[in-house]
Amino acid sequence: MKALFDLGLRPCPPKLGPESPAHGNAARKMDRAKDVLRKKGPKAAEAAKKAEDLARDTWQHFKTGPSIADVAIGRIAQGTKVLAEGGRDKIFRLTFETIPEEKLLKSYPCYLSTSAGPFMGVIYLSMAKLVFCTQSSRLKKYIQVISIDNHEFWFMGFLHYESAVKNLQGAVPTPAPP
């Protein structure tokens with residue numbers, strides 16, 4: 001007699017017990033997986049922490065600016081400038097006075113906080129100095145004066161900025177390099 005339908009009954013696979021050769025393979029694979037996790041686990045945790053820190057710092061950076069769109073456009077413009085001018089090291093050397101053996105160690109996109117609000121720019125850290133550069137022309141309207149007892153003063157809001165800079169530079173002697 002022919003079956004009218006198949007009930008899907010199949011023989012059961014053998015159980016994997018400790019005496020089964022297949023059980024030994026599975027146990028060895030599990031042990032290898034545990035070893036890999038034991039060895040690579042700390043590196044994975046460190047990578048996850050770095051990713052979390054970067055995400056937090058990126059969000060903080062975007063929240064610091066006037067708007068997320070302005071920050072994004074500013075960073076794109078800054079990245080384009082870096083590419084067009086040959087890298088951060090070249091920008092550093094063109095923007096600031098450097099000595100031939102001076103090496104740029106790091107650069108960090110950030111904001112300079114002022115009473116007029118934050119200015120997007122880059123801090124450059126070299127073997128000889130720490131400097132900040134921004135593309136904002138508003139920042140150029142500030143004059144920094146450092147007294148002989150090392151107090152800093154920032155002057156702003158000049159109606160005749162260029163004249164003030166010229167006259168102050170002429171009146172205040174520039175200190176000799178150390």
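Every number here is computed from the coordinates shown, using simple stated rules; none is lab data. Just so you know, these numbers come straight off a predicted model, no measurement behind them. FYI the Cβ positions are ideal-geometry reconstructions off the backbone, even for glycines, and counts take in every protein chain you see.
The phi-based Karplus calculation (6.51 cos²θ - 1.76 cosθ + 1.60; θ = phi - 60°) puts the 3J(HN,Hα) values of the range 93-101 at 5, 6, 8, 10, 6, 9, 8, x, 8 Hz, whole numbers, x for Gly and Pro.
Spin-label model, Ala48 to Ile123: label points 7 Å out along the Cα-to-beta-carbon direction sit 3.0 nm apart. Sparsely packed loop sites in the range 38-118 (the GluC sites (Glu not before Pro) outside DSSP H, G, I, E and B with at most 16 other Cβ atoms within 10 Å) comprise Glu85, Glu97, Glu101, Glu102. Applying 0.36 nm per residue to the separation of Ser163 and Ala77 and subtracting their alpha-carbon distance, the gain on full extension is 27.9 nm.
For the residue pairs Lys81/Lys106; Lys103/Lys129; Lys129/Lys166; Lys106/Lys129; Lys106/Lys166, alpha carbon separations beyond 21 Å are given by Lys129/Lys166; Lys106/Lys166.
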